[in-house]
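The values are calculated or read from the model by the stated rules, or taken from the named source; none is laboratory data. Everything numeric in this text was worked out from a predicted model, so none of it was measured. Quick reminder, even Gly has a Cβ in these numbers, built from the backbone with ideal geometry, and neighbours come from all protein chains shown.
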Amino acid sequence: MIDSSILQGKKAAYFTLGCKLNFAETSTVAQQLSRHGVTKVQKGEVADVVVVNTCSVTEVADHKCRQAIHRLVKANPGAFVVVTGCYAQLKPQEIINTPGVDLVLGSDEKANIIPMILEKMTGAHTVRTADILSFAPSCSRGDRTRYFLKVQDGCNYYCTYCTIPMARGRSRNGSIQSMVEQARQVALDGGKEIVITGVNIGDFGQSTGEAFFDLVKALDQVEGIERYRISSIEPNLLTDEIIDYCAHSRAFMPHFHIPLQSGSDEVLKLMRRKYDTNLFQHKVNRIREVMPDAFVGVDVIVGTRGETEELFEQAYEFMNQVDVSQYHVFSYSERAGTKALEIPHVVTPQEKRRRSQRVLDLSAQKTHDFYARFIGTERPVLLEHAPARKAVMNGFTDNYIRVELPNMPNLDNRIVQVRLGDFNKEGDALCGEIIS
(Lines give C-alpha, C1' and ligand atoms only; values in the text may rest on other atoms or scores of the structure.)
Protein backbone atom coordinates (compact mmCIF):
# COMPACT_ATOMS: atom_id res chain seq x y z
CA MET A 1 0.00 0.00 0.00
CA ILE A 2 1.39 3.39 -1.04
CA ASP A 3 1.66 6.06 1.68
CA SER A 4 -0.83 8.83 0.94
CA SER A 5 0.92 11.28 3.27
CA ILE A 6 2.75 12.72 0.25
CA LEU A 7 -0.54 14.45 -0.59
CA GLN A 8 -0.88 16.10 2.81
CA GLY A 9 -0.84 19.90 2.60
CA LYS A 10 -0.91 20.06 -1.19
CA LYS A 11 -3.21 22.43 -3.10
CA ALA A 12 -5.31 21.32 -6.06
CA ALA A 13 -6.94 23.10 -8.98
CA TYR A 14 -9.94 21.57 -10.73
CA PHE A 15 -11.25 22.29 -14.21
CA THR A 16 -14.32 20.64 -15.72
CA LEU A 17 -15.71 20.70 -19.25
CA GLY A 18 -18.99 19.27 -20.46
CA CYS A 19 -22.08 17.88 -18.79
CA LYS A 20 -23.56 18.00 -15.31
CA LEU A 21 -22.36 14.45 -14.79
CA ASN A 22 -18.75 15.60 -15.27
CA PHE A 23 -19.21 18.41 -12.73
CA ALA A 24 -20.61 15.94 -10.19
CA GLU A 25 -17.70 13.57 -10.75
CA THR A 26 -15.12 16.35 -10.40
CA SER A 27 -16.70 17.38 -7.11
CA THR A 28 -16.42 13.79 -5.90
CA VAL A 29 -12.72 13.72 -6.87
CA ALA A 30 -12.19 16.94 -4.89
CA GLN A 31 -13.87 15.37 -1.85
CA GLN A 32 -11.65 12.29 -2.14
CA LEU A 33 -8.49 14.38 -2.34
CA SER A 34 -9.59 16.57 0.57
CA ARG A 35 -9.77 13.47 2.77
CA HIS A 36 -6.04 13.04 2.09
CA GLY A 37 -5.24 16.60 3.16
CA VAL A 38 -5.45 18.29 -0.26
CA THR A 39 -7.11 21.72 -0.21
CA LYS A 40 -8.59 23.66 -3.10
CA VAL A 41 -6.27 26.32 -4.52
CA GLN A 42 -7.29 29.92 -3.87
CA LYS A 43 -7.16 32.78 -6.35
CA GLY A 44 -3.55 33.83 -6.98
CA GLU A 45 -2.06 30.57 -5.66
CA VAL A 46 -0.17 27.98 -7.70
CA ALA A 47 -1.54 24.44 -7.50
CA ASP A 48 0.52 21.35 -6.67
CA VAL A 49 -2.06 19.08 -8.32
CA VAL A 50 -4.27 19.90 -11.32
CA VAL A 51 -7.26 17.74 -12.28
CA VAL A 52 -8.86 18.32 -15.69
CA ASN A 53 -12.12 16.43 -16.33
CA THR A 54 -12.75 16.50 -20.06
CA CYS A 55 -15.57 16.28 -22.57
CA SER A 56 -15.45 14.96 -26.14
CA VAL A 57 -18.97 15.42 -27.41
CA THR A 58 -17.77 17.60 -30.32
CA GLU A 59 -14.51 18.63 -31.99
CA VAL A 60 -15.03 22.04 -30.36
CA ALA A 61 -15.09 20.28 -26.98
CA ASP A 62 -11.80 18.54 -27.81
CA HIS A 63 -10.28 21.89 -28.77
CA LYS A 64 -11.44 23.48 -25.52
CA CYS A 65 -9.92 20.58 -23.60
CA ARG A 66 -6.56 21.07 -25.29
CA GLN A 67 -6.67 24.81 -24.61
CA ALA A 68 -7.55 24.25 -20.95
CA ILE A 69 -4.74 21.73 -20.45
CA HIS A 70 -2.14 24.07 -21.98
CA ARG A 71 -3.44 27.02 -19.94
CA LEU A 72 -3.45 25.13 -16.65
CA VAL A 73 0.02 23.65 -17.21
CA LYS A 74 1.38 27.14 -17.90
CA ALA A 75 -0.42 28.69 -14.90
CA ASN A 76 0.75 25.99 -12.47
CA PRO A 77 4.43 25.27 -13.26
CA GLY A 78 5.66 22.08 -11.68
CA ALA A 79 2.16 20.84 -10.81
CA PHE A 80 1.20 17.18 -11.09
CA VAL A 81 -1.37 17.27 -13.93
CA VAL A 82 -4.09 14.62 -14.24
CA VAL A 83 -6.40 14.53 -17.27
CA THR A 84 -9.48 12.30 -17.14
CA GLY A 85 -12.95 12.05 -18.69
CA CYS A 86 -14.28 11.32 -22.16
CA TYR A 87 -11.51 13.03 -24.18
CA ALA A 88 -8.96 11.14 -22.09
CA GLN A 89 -10.72 7.85 -22.81
CA LEU A 90 -10.90 8.43 -26.57
CA LYS A 91 -7.52 10.08 -27.24
CA PRO A 92 -5.14 9.21 -24.40
CA GLN A 93 -1.94 9.20 -26.45
CA GLU A 94 -2.72 12.63 -27.85
CA ILE A 95 -3.02 13.98 -24.32
CA ILE A 96 -0.02 12.22 -22.76
CA ASN A 97 2.17 13.75 -25.46
CA THR A 98 1.17 17.20 -24.20
CA PRO A 99 4.07 18.76 -22.26
CA GLY A 100 3.30 18.97 -18.55
CA VAL A 101 0.69 16.19 -18.40
CA ASP A 102 1.67 13.46 -15.92
CA LEU A 103 -1.29 11.11 -15.84
CA VAL A 104 -4.17 10.26 -18.20
CA LEU A 105 -7.09 8.29 -16.76
CA GLY A 106 -9.94 6.90 -18.83
CA SER A 107 -13.55 6.87 -17.72
CA ASP A 108 -13.32 3.61 -15.76
CA GLU A 109 -10.20 4.77 -13.87
CA LYS A 110 -11.72 8.03 -12.64
CA ALA A 111 -13.08 6.38 -9.51
CA ASN A 112 -9.57 5.17 -8.58
CA ILE A 113 -7.89 8.53 -9.01
CA ILE A 114 -6.20 8.60 -5.58
CA PRO A 115 -4.26 5.32 -5.92
CA MET A 116 -3.48 6.18 -9.55
CA ILE A 117 -2.00 9.56 -8.56
CA LEU A 118 0.03 7.95 -5.77
CA GLU A 119 1.20 5.21 -8.16
CA LYS A 120 2.41 7.71 -10.72
CA MET A 121 4.02 9.95 -8.09
CA THR A 122 6.12 6.94 -7.12
CA GLY A 123 7.07 6.23 -10.74
CA ALA A 124 4.44 3.84 -12.12
CA HIS A 125 1.92 4.01 -14.99
CA THR A 126 1.21 7.13 -17.00
CA VAL A 127 -1.82 6.15 -19.09
CA ARG A 128 -4.71 4.01 -17.87
CA THR A 129 -7.70 3.52 -20.17
CA ALA A 130 -9.06 0.08 -19.36
CA ASP A 131 -12.34 -1.31 -20.69
CA ILE A 132 -15.17 0.57 -19.02
CA LEU A 133 -17.03 -1.90 -16.84
CA SER A 134 -17.55 -0.55 -13.33
CA PHE A 135 -19.98 2.02 -11.95
CA ALA A 136 -18.38 4.79 -9.90
CA PRO A 137 -20.88 6.45 -7.55
CA SER A 138 -20.98 10.23 -7.26
CA CYS A 139 -23.18 12.59 -5.29
CA SER A 140 -21.75 16.07 -4.98
CA ARG A 141 -22.59 19.72 -5.16
CA GLY A 142 -19.23 21.48 -5.67
CA ASP A 143 -19.85 25.21 -5.36
CA ARG A 144 -23.57 24.86 -6.01
CA THR A 145 -26.60 24.63 -3.74
CA ARG A 146 -28.09 21.72 -5.66
CA TYR A 147 -26.60 18.25 -5.36
CA PHE A 148 -26.03 16.04 -8.39
CA LEU A 149 -26.69 12.33 -7.86
CA LYS A 150 -25.16 10.09 -10.48
CA VAL A 151 -27.49 7.10 -10.86
CA GLN A 152 -26.27 5.65 -14.15
CA ASP A 153 -23.33 5.77 -16.57
CA GLY A 154 -22.69 4.69 -20.16
CA CYS A 155 -25.09 4.08 -23.05
CA ASN A 156 -26.23 1.14 -25.18
CA TYR A 157 -27.85 3.19 -27.94
CA TYR A 158 -25.04 3.85 -30.45
CA CYS A 159 -26.63 6.79 -32.24
CA THR A 160 -24.79 7.45 -35.49
CA TYR A 161 -23.36 10.84 -34.45
CA CYS A 162 -22.26 9.95 -30.91
CA THR A 163 -19.03 8.71 -29.29
CA ILE A 164 -20.44 8.41 -25.76
CA PRO A 165 -20.61 4.56 -25.79
CA MET A 166 -16.91 4.54 -26.73
CA ALA A 167 -16.04 7.20 -24.14
CA ARG A 168 -18.17 5.96 -21.24
CA GLY A 169 -18.94 2.33 -22.05
CA ARG A 170 -22.13 0.30 -21.79
CA SER A 171 -25.07 1.28 -19.59
CA ARG A 172 -24.55 0.40 -15.91
CA ASN A 173 -25.74 1.65 -12.57
CA GLY A 174 -25.69 1.31 -8.81
CA SER A 175 -28.59 -0.14 -6.84
CA ILE A 176 -31.71 1.73 -5.77
CA GLN A 177 -30.73 1.08 -2.16
CA SER A 178 -27.33 2.75 -2.68
CA MET A 179 -28.99 5.76 -4.33
CA VAL A 180 -31.44 6.13 -1.46
CA GLU A 181 -28.57 5.96 1.04
CA GLN A 182 -26.74 8.75 -0.80
CA ALA A 183 -29.89 10.88 -0.88
CA ARG A 184 -30.32 10.38 2.87
CA GLN A 185 -26.76 11.58 3.39
CA VAL A 186 -27.50 14.70 1.34
CA ALA A 187 -30.46 15.39 3.62
CA LEU A 188 -28.25 14.92 6.70
CA ASP A 189 -25.78 17.40 5.18
CA GLY A 190 -28.56 19.97 4.82
CA GLY A 191 -29.15 19.60 1.08
CA LYS A 192 -32.66 20.29 -0.15
CA GLU A 193 -32.47 19.65 -3.90
CA ILE A 194 -31.01 16.77 -5.89
CA VAL A 195 -30.61 16.62 -9.66
CA ILE A 196 -30.71 13.02 -10.88
CA THR A 197 -28.00 12.69 -13.49
CA GLY A 198 -26.29 10.15 -15.73
CA VAL A 199 -25.66 9.47 -19.41
CA ASN A 200 -28.96 7.70 -20.18
CA ILE A 201 -30.79 7.67 -16.85
CA GLY A 202 -34.04 6.22 -18.19
CA ASP A 203 -32.04 3.05 -18.93
CA PHE A 204 -31.33 2.66 -15.21
CA GLY A 205 -31.36 -0.97 -14.08
CA GLN A 206 -29.15 -2.68 -16.65
CA SER A 207 -26.74 -3.76 -13.88
CA THR A 208 -29.25 -4.53 -11.14
CA GLY A 209 -32.47 -5.64 -12.85
CA GLU A 210 -34.33 -2.65 -11.41
CA ALA A 211 -36.24 0.16 -13.14
CA PHE A 212 -35.95 3.93 -13.27
CA PHE A 213 -39.57 4.37 -12.20
CA ASP A 214 -38.88 2.32 -9.06
CA LEU A 215 -35.87 4.55 -8.36
CA VAL A 216 -38.05 7.66 -8.70
CA LYS A 217 -40.59 6.29 -6.22
CA ALA A 218 -37.91 5.25 -3.73
CA LEU A 219 -36.14 8.62 -3.81
CA ASP A 220 -39.43 10.43 -3.35
CA GLN A 221 -39.71 8.81 0.09
CA VAL A 222 -36.42 10.19 1.43
CA GLU A 223 -37.23 12.61 4.22
CA GLY A 224 -35.48 15.97 4.13
CA ILE A 225 -35.07 16.18 0.36
CA GLU A 226 -37.61 18.72 -0.80
CA ARG A 227 -36.82 18.80 -4.51
CA TYR A 228 -35.74 16.38 -7.23
CA ARG A 229 -35.10 17.22 -10.87
CA ILE A 230 -34.63 14.67 -13.66
CA SER A 231 -31.67 16.06 -15.60
CA SER A 232 -32.26 14.44 -19.00
CA ILE A 233 -34.31 11.44 -20.08
CA GLU A 234 -34.88 9.95 -23.52
CA PRO A 235 -38.47 10.46 -24.76
CA ASN A 236 -38.93 6.73 -25.40
CA LEU A 237 -37.92 6.03 -21.78
CA LEU A 238 -40.02 8.79 -20.24
CA THR A 239 -43.15 6.74 -19.68
CA ASP A 240 -46.59 8.22 -19.07
CA GLU A 241 -46.42 6.42 -15.73
CA ILE A 242 -43.36 8.45 -14.72
CA ILE A 243 -44.92 11.71 -15.92
CA ASP A 244 -48.14 11.06 -14.00
CA TYR A 245 -46.23 10.10 -10.86
CA CYS A 246 -44.11 13.25 -10.95
CA ALA A 247 -47.26 15.35 -11.36
CA HIS A 248 -48.54 14.17 -7.97
CA SER A 249 -45.34 13.28 -6.16
CA ARG A 250 -44.09 14.80 -2.94
CA ALA A 251 -40.78 16.16 -4.22
CA PHE A 252 -40.35 15.77 -8.00
CA MET A 253 -40.50 19.20 -9.60
CA PRO A 254 -42.54 20.19 -12.69
CA HIS A 255 -39.39 20.23 -14.80
CA PHE A 256 -38.21 17.88 -17.55
CA HIS A 257 -35.25 17.86 -19.91
CA ILE A 258 -35.86 15.71 -22.98
CA PRO A 259 -33.47 15.29 -25.93
CA LEU A 260 -35.21 15.71 -29.29
CA GLN A 261 -32.06 16.14 -31.45
CA SER A 262 -34.12 16.78 -34.60
CA GLY A 263 -37.68 17.72 -35.44
CA SER A 264 -37.42 15.79 -38.72
CA ASP A 265 -38.40 12.13 -38.70
CA GLU A 266 -36.07 11.43 -41.62
CA VAL A 267 -33.11 12.93 -39.75
CA LEU A 268 -34.06 11.01 -36.60
CA LYS A 269 -33.85 7.80 -38.65
CA LEU A 270 -30.42 8.79 -39.95
CA MET A 271 -29.38 9.39 -36.33
CA ARG A 272 -30.80 5.98 -35.33
CA ARG A 273 -32.86 7.56 -32.56
CA LYS A 274 -35.47 5.33 -30.94
CA TYR A 275 -38.55 7.54 -31.38
CA ASP A 276 -40.23 9.83 -33.86
CA THR A 277 -41.73 13.32 -33.60
CA ASN A 278 -45.20 11.91 -32.87
CA LEU A 279 -43.93 10.18 -29.75
CA PHE A 280 -42.03 13.29 -28.68
CA GLN A 281 -45.14 15.41 -29.22
CA HIS A 282 -47.17 12.97 -27.14
CA LYS A 283 -44.73 13.23 -24.23
CA VAL A 284 -44.85 17.03 -24.25
CA ASN A 285 -48.65 16.99 -24.51
CA ARG A 286 -48.86 14.57 -21.59
CA ILE A 287 -46.65 16.81 -19.46
CA ARG A 288 -48.74 19.86 -20.34
CA GLU A 289 -51.94 17.94 -19.54
CA VAL A 290 -50.93 16.97 -16.00
CA MET A 291 -48.37 19.74 -15.27
CA PRO A 292 -49.33 22.84 -17.29
CA ASP A 293 -46.73 24.97 -15.48
CA ALA A 294 -43.82 22.59 -16.15
CA PHE A 295 -40.55 23.77 -17.66
CA VAL A 296 -39.55 21.55 -20.60
CA GLY A 297 -35.96 21.88 -21.81
CA VAL A 298 -34.92 20.15 -25.03
CA ASP A 299 -31.61 19.24 -26.70
CA VAL A 300 -31.33 19.63 -30.48
CA ILE A 301 -28.51 19.15 -32.98
CA VAL A 302 -28.37 21.18 -36.19
CA GLY A 303 -26.35 20.58 -39.33
CA THR A 304 -26.02 16.81 -39.07
CA ARG A 305 -24.99 14.83 -42.10
CA GLY A 306 -28.05 14.29 -44.26
CA GLU A 307 -29.92 17.34 -42.93
CA THR A 308 -30.80 19.06 -46.18
CA GLU A 309 -32.30 22.54 -46.23
CA GLU A 310 -35.76 21.02 -46.70
CA LEU A 311 -35.31 18.65 -43.73
CA PHE A 312 -34.05 21.48 -41.52
CA GLU A 313 -37.13 23.55 -42.38
CA GLN A 314 -39.32 20.58 -41.42
CA ALA A 315 -37.40 20.25 -38.17
CA TYR A 316 -37.67 23.97 -37.45
CA GLU A 317 -41.42 23.98 -38.06
CA PHE A 318 -41.85 21.14 -35.56
CA MET A 319 -39.62 22.90 -33.01
CA ASN A 320 -41.61 26.09 -33.49
CA GLN A 321 -45.01 24.53 -32.85
CA VAL A 322 -44.20 22.13 -29.98
CA ASP A 323 -44.89 23.67 -26.56
CA VAL A 324 -41.49 23.56 -24.87
CA SER A 325 -39.66 26.15 -22.77
CA GLN A 326 -36.08 26.14 -24.05
CA TYR A 327 -33.78 24.59 -26.65
CA HIS A 328 -30.17 23.67 -25.94
CA VAL A 329 -28.60 23.91 -29.38
CA PHE A 330 -25.55 21.97 -30.57
CA SER A 331 -23.94 22.19 -33.99
CA TYR A 332 -23.11 18.77 -35.42
CA SER A 333 -19.45 17.84 -35.20
CA GLU A 334 -17.74 15.05 -37.14
CA ARG A 335 -16.48 12.35 -34.74
CA ALA A 336 -14.04 9.66 -35.80
CA GLY A 337 -15.42 6.13 -35.61
CA THR A 338 -19.08 7.10 -35.88
CA LYS A 339 -21.53 5.77 -38.47
CA ALA A 340 -22.63 9.30 -39.34
CA LEU A 341 -19.50 9.67 -41.47
CA GLU A 342 -21.09 7.25 -43.96
CA ILE A 343 -24.12 9.51 -44.51
CA PRO A 344 -24.03 11.71 -47.65
CA HIS A 345 -24.77 15.45 -47.75
CA VAL A 346 -22.45 17.50 -45.58
CA VAL A 347 -23.70 20.83 -44.19
CA THR A 348 -21.17 23.68 -44.47
CA PRO A 349 -19.90 25.39 -41.30
CA GLN A 350 -21.53 28.66 -42.38
CA GLU A 351 -24.90 26.94 -42.82
CA LYS A 352 -24.54 25.20 -39.45
CA ARG A 353 -24.02 28.59 -37.79
CA ARG A 354 -27.05 30.04 -39.57
CA ARG A 355 -29.30 27.17 -38.55
CA SER A 356 -27.97 27.20 -35.00
CA GLN A 357 -28.71 30.91 -34.66
CA ARG A 358 -32.27 30.46 -35.92
CA VAL A 359 -32.96 27.82 -33.28
CA LEU A 360 -31.24 29.89 -30.58
CA ASP A 361 -33.47 32.83 -31.46
CA LEU A 362 -36.51 30.55 -31.33
CA SER A 363 -35.38 29.23 -27.95
CA ALA A 364 -34.91 32.74 -26.55
CA GLN A 365 -38.46 33.64 -27.57
CA LYS A 366 -39.94 30.47 -26.07
CA THR A 367 -38.09 30.98 -22.78
CA HIS A 368 -39.14 34.64 -22.65
CA ASP A 369 -42.77 33.68 -23.29
CA PHE A 370 -42.64 30.94 -20.65
CA TYR A 371 -41.20 33.29 -18.00
CA ALA A 372 -43.69 36.05 -18.90
CA ARG A 373 -46.61 33.73 -18.16
CA PHE A 374 -45.69 33.76 -14.48
CA ILE A 375 -45.13 37.49 -13.88
CA GLY A 376 -47.36 38.49 -10.96
CA THR A 377 -47.70 34.93 -9.63
CA GLU A 378 -46.20 33.39 -6.48
CA ARG A 379 -43.82 30.41 -6.56
CA PRO A 380 -41.46 28.68 -4.10
CA VAL A 381 -37.81 29.54 -4.79
CA LEU A 382 -34.68 27.75 -3.55
CA LEU A 383 -32.09 30.49 -3.05
CA GLU A 384 -28.50 29.78 -4.02
CA HIS A 385 -25.29 30.95 -2.41
CA ALA A 386 -23.80 34.20 -3.69
CA PRO A 387 -20.63 35.97 -2.52
CA ALA A 388 -21.38 38.57 0.16
CA ARG A 389 -19.99 41.34 -2.05
CA LYS A 390 -22.63 40.71 -4.74
CA ALA A 391 -25.73 42.88 -4.71
CA VAL A 392 -28.04 40.10 -5.88
CA MET A 393 -28.57 36.41 -5.34
CA ASN A 394 -30.40 33.96 -7.57
CA GLY A 395 -32.65 31.01 -7.11
CA PHE A 396 -34.99 28.79 -9.09
CA THR A 397 -38.70 28.26 -8.77
CA ASP A 398 -40.11 24.77 -8.63
CA ASN A 399 -40.70 25.03 -12.39
CA TYR A 400 -37.13 26.23 -13.07
CA ILE A 401 -37.64 29.95 -13.57
CA ARG A 402 -34.49 31.83 -12.63
CA VAL A 403 -35.27 34.52 -10.05
CA GLU A 404 -33.13 37.47 -8.98
CA LEU A 405 -33.39 38.95 -5.46
CA PRO A 406 -31.35 41.31 -3.25
CA ASN A 407 -28.49 39.35 -1.67
CA MET A 408 -29.41 38.05 1.77
CA PRO A 409 -26.73 35.48 2.74
CA ASN A 410 -28.82 34.24 5.67
CA LEU A 411 -31.31 32.84 3.15
CA ASP A 412 -28.76 30.72 1.29
CA ASN A 413 -30.18 27.21 0.69
CA ARG A 414 -33.61 28.27 1.95
CA ILE A 415 -36.89 27.75 0.10
CA VAL A 416 -38.99 30.91 0.30
CA GLN A 417 -42.28 31.99 -1.22
CA VAL A 418 -41.66 34.71 -3.83
CA ARG A 419 -43.87 37.00 -5.87
CA LEU A 420 -42.46 37.12 -9.40
CA GLY A 421 -42.02 40.53 -10.98
CA ASP A 422 -40.77 41.72 -14.35
CA PHE A 423 -37.55 40.71 -16.12
CA ASN A 424 -34.21 41.89 -14.79
CA LYS A 425 -32.15 44.25 -16.94
CA GLU A 426 -30.31 41.36 -18.62
CA GLY A 427 -33.61 39.68 -19.46
CA ASP A 428 -32.46 36.29 -18.18
CA ALA A 429 -34.35 36.19 -14.87
CA LEU A 430 -37.45 37.54 -13.17
CA CYS A 431 -37.08 39.94 -10.27
CA GLY A 432 -38.61 38.57 -7.10
CA GLU A 433 -40.07 39.82 -3.85
CA ILE A 434 -40.06 37.52 -0.81
CA ILE A 435 -43.48 36.99 0.70
CA SER A 436 -42.64 34.40 3.33
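Out of LEU188, LEU215, which single residue is more than 21 Å from THR397 (Cα to Cα), touching a residue at least 60 places away in the same chain (Cβ under 8 Å) and either surrounded by fewer than 23 Cβ atoms within 10 Å (Cβ to Cβ) or among the hydrophobic types (A, V, I, L, M, F, W, C) (or both)?
Working: LEU188 fails: touching a residue at least 60 places away in the same chain (Cβ under 8 Å).
None of the other options fit; the residue is LEU215.
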TODO: Looking only at region 157-178, decide whether some residue is within 28 Å of HIS385 (Cβ to Cβ), in the same structural domain as VAL298 (by TED's automatic domain parsing) and in contact with a strand residue (DSSP E or B) (Cβ under 9 Å, 6 or more places away or on another chain).
DONE: no
TODO: Being surrounded by fewer than 16 Cβ atoms within 10 Å (Cβ to Cβ) and either touching a residue at least 40 places away in the same chain (Cβ under 8 Å) or not basic (Lys, Arg) (or both) is the filter here, so list the residues in region 43-71 that pass it.
DONE: GLY44, GLU45, VAL46, GLU59, VAL60, HIS63, GLN67, HIS70
Task: For ARG305: the one exception among (1) at pLDDT 95 or above; (2) under 23 Å from ASN424 (Cβ atoms) - done: (2)
Open item on the list: Name the residue that is modelled with the lowest pLDDT, counting only residues in region 309-357 that are under 22 Å from the mean Cα position of the chain (by Cα), in a loop (DSSP other than H, G, I, E, B) and farther than 21 Å from ASP276 by Cβ.
Closed with: ARG335
Open item on the list: If I filter region 343-402 down to residues being farther than 20 Å from THR308 by Cα and of a type in the set (S, T, N, Q), which single residue comes out as surrounded by the fewest Cβ atoms within 10 Å (Cβ to Cβ)?
Closed with: GLN365
TODO: Within region 416-428, track down each residue that is more than 13 Å from GLU378 (Cβ to Cβ) and in contact (Cβ under 8 Å) with a residue 12 or more places away in the chain.
DONE: ASP422, PHE423, ASN424, GLY427, ASP428
- [ ] Could you check how many residues of region 282-310 are surrounded by fewer than 17 Cβ atoms within 10 Å (Cβ to Cβ) and more than 25 Å from PRO380 (Cα to Cα)?
- [x] 5
Task: Count of residues meeting criterion [out of contact with any strand residue (DSSP E or B) (no Cβ under 6 Å at 6 or more places or on another chain) and closer than 15 Å to GLY263 by Cβ] in region 330-364 - done: 2
